[in-house]
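Data first, discussion second: the structure below is written as structure tokens.
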Amino acid sequence: MFRTALVIAALALSPPALACGTNSNCSHCAHGDTTTAAVDVDAAEGTKINLAITGMTCGACSTKVTAALSETAGVNAVTVDHETGRARVAYDASALTVDALIAAVATAGGFEASVLADAS
């Protein structure tokens, strides 16, 4: 519950999202949502993993993916960038599988995740 409160606070205090621009196919977001504040995943405890996320077209999309991952038990820190289509996650590998992280991304609505080979 505390983690959820932190995510909500970060969303409320973050800068406005970048608009989708000319992309009229952005069906995942409500334009005008906010992006999440940057998180230092490398400083967080746990195993680090990089994910490729497909389907993100704007800052609101990355907000949804960030929220879905952050609310997953065992996730310690998350950063998502819609422009690069990447997410970096620090998680407790003894409590959570990579497949569970990928499933969490899917629950955000129309997004797909896969593991990137580089874990650095």
key: In the range 67-98, the residues that are crowded, with 17+ Cβ neighbours inside 10 Å and of a type in the set (A, V, I, L, M, F, W, C)   = ALA67, ALA68, LEU69, VAL75, ALA77, VAL78, VAL80, ALA87, VAL89, ALA90, LEU96
key: When residues of the range 44-66 are limited to those that are among the hydrophobic types (A, V, I, L, M, F, W, C) and surrounded by 21 or more Cβ atoms within 10 Å (Cβ to Cβ), the one nearest to GLU112 (Cα to Cα)   = ILE53
inquiry  = If a residue must be at pLDDT 95 or above, more than 15 Å from ILE49 (Cα to Cα) and either in contact with a Lys or Arg (Cβ under 6 Å, 6 or more places away or on another chain) or of a type in the set (Ser, Thr, Tyr) (or both), how many such residues does the range 81-115 contain?
reply    = 0
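The values are calculated or read from the model by the stated rules, or taken from the named source; none is laboratory data. The shown structure was predicted, so the numbers you read here are calculated from the model rather than taken from an experiment. As a convention, Cβ positions derive from the backbone with ideal geometry for all residues, glycine included, and neighbour counts pool all protein chains shown.
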